Amino acid sequence: MYDIKALYEAASVEDAIRLLQEHPEAQIIAGGSDVLVQIREGKRAGAELVSIYGIDVMRGVTYDGEDAIRIGSLTSFSHIAASPIIREKIPVLGEAVSLVGGPQIRNIGTIGGNTCNGVTSADSASTLFAWDAIAELTGPEGIRRVPIAEFYIKAGKVDLRPAELQTAIIIPKKAYEGYHGNYIKYAMREAMDIATLGCSVNVLLAEDKQTIRDVRIAYGVAGPIPMRAPSAEAAAKGRPAARETVDAFARAVLEDIHPRDSWRAAKAFREHIAVEMARRALTKSIELAGGEIRE
Ligand SMILES: Cc1cc2nc3c(=O)[nH]c(=O)nc-3n(C[C@H](O)[C@H](O)[C@H](O)COP(=O)(O)OP(=O)(O)OC[C@H]3O[C@@H](n4cnc5c(N)ncnc54)[C@H](O)[C@@H]3O)c2cc1C
């Protein structure tokens, strides 16, 4: 049973803000793949909803004036994976969101919903952390742009003010130009399962392809919210693209992450696979960047 008190359908971003101001208890619904499950489970009985699903300007992948990649928050996972811009510039994001649920969920689920639910296992989130994404938030006071790492406050809570909605995810040019990345999802089965651990790495090699000029790594489910692993990044930045560097990078991950025991996996198991995932994702990223790991 869906116990819904009222559904208000927004025709534009301004209309959504007005509806949220008029109905302060109402919750935003986009694709509904999280919200409707919660309502059916009785967690939000009698909910008022503001649907933003019809706001077409919030859908699509484009470049802005500064060549940043702009992903409208209503863009579905299928749409992201098929976008020529994503395929050319950040194919790893398309690959990551292609691992979400199954085809129906990828058609209805949106990147805005995936990040605004504040869940650590969100398959888009670690890649967005690793690519220095920015959340664009629009509300009664206008537009704010917040780095994705600051957008997440704690498990299930993101930096959304009253009557504010996330209108886009932005990846600045300096965060993607020349970078190549890889996402690994470890789950208990191949489809329709959330991540036991997710790891996203990207790398920028020097022109000779022998030195790691920059590297970024982020995890999902390695803590209550998605996170970067700065010790690992420091262990590899400016170092040769060699086996020794990759091993040091992978070991350093343990200084940053703090996964927990859950019914899916023990903390010790998550730590074990986190190191291996870092090793494999960096190795793959270096290969994708045209480098070769020296033994
Ligand atoms: C069977 C099944 C399998 C799944 N598998 C996966 C998986 O493998 N990986 C994974 O990451 N997720 C998975 N999910 C979770 C879900 O599909 C994703 O989190 C999806 O991205 C949610 O998007 P949505 O548009 O449906 O969000 P909704 O359910 O509409 O909203 C989710 C939350 O975000 C808020 N919200 C949505 N959009 C905005 C916005 N633009 N601004 C402000 N707040 C907003 C809503 O108020 C709500 O709190 C699965 C879900 C189901 C039902």
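Structure values in brief
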read-out	value
Derived scalar couplings ³J(HN,Hα) [the range 23-29; Karplus, 6.51 cos²θ - 1.76 cosθ + 1.60; whole Hz; x for Gly, Pro]	10, x, 8, 6, 10, 6, 10
Nonlocal amide H pairs with A133, under 5 Å, H built at 1.01 Å	I148
The range 125-134 - phi-based ³J(HN,Hα) in whole Hz, Karplus 6.51/-1.76/1.60, Gly and Pro as x	5, 5, 5, 5, 5, 6, 10, 6, 5, 10
Between 0 and 90°, nearest 10: helix 267-288 axis offset from the chain longest Cα axis	70
Over the range 56-174: Kirkwood hydrodynamic radius from C-alpha pairwise inverse distances, Å	14.1
Degrees between helix 13-22 axis and first principal axis of the chain (Cα, 0 to 90, nearest 10)	60
Alpha-carbon Rg with Dmax, taken over the range 4-51, Å	10.5, 31
Sequence-distant residues sharing a close amide H with E9 (under 5 Å, placed H)	S51
Highest-first arrangement of 111-120, 49-58, where packing means the average Cβ count within 10 Å	111-120, 49-58
Debye intensity ratio I(q)/I(0), log10, the chain, q values 0.08 Å⁻¹ (C-alpha model)	-0.34
Amide N proximity, the range 1-26 versus L36 label position 7 Å along Cα-to-Cβ, cut-off under 18 Å	1-10
Considering only the chain, percent of DSSP beta bridges that pair antiparallel, nearest 5	80
Approximate spin-label separation Q21-L7, in nm, with each point projected 7 Å along Cα-to-Cβ	2.6
Residues whose placed amide H lies under 5 Å from that of N117, excluding near-sequence neighbours	none
Magnitude of the charge dipole, the range 74-226, Cβ model with Lys/Arg +1 and Asp/Glu -1, debye to 20	100
Computed helical MRE - 222 nm, the chain, DSSP H runs ≥ 4 contributing -39500 (n - 2.57), nearest 500	-9000 deg cm²/dmol
From phi via Karplus (6.51, -1.76, 1.60), per-residue ³J(HN,Hα) for the range 94-103 in Hz, x at Gly/Pro	x, 5, 5, 6, 6, 9, 6, x, x, x
Peptides 275-284, 16-25 ordered by average Cβ neighbours within 10 Å, highest first	275-284, 16-25
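Any read-out appearing in this document is the output of simple, stated calculations on the displayed coordinates, not a laboratory observation. Fair warning: this is a prediction, and the values are worked out from it, not measured in the lab. Virtual Cβ from ideal backbone geometry, glycine too; neighbours counted across all protein chains shown.
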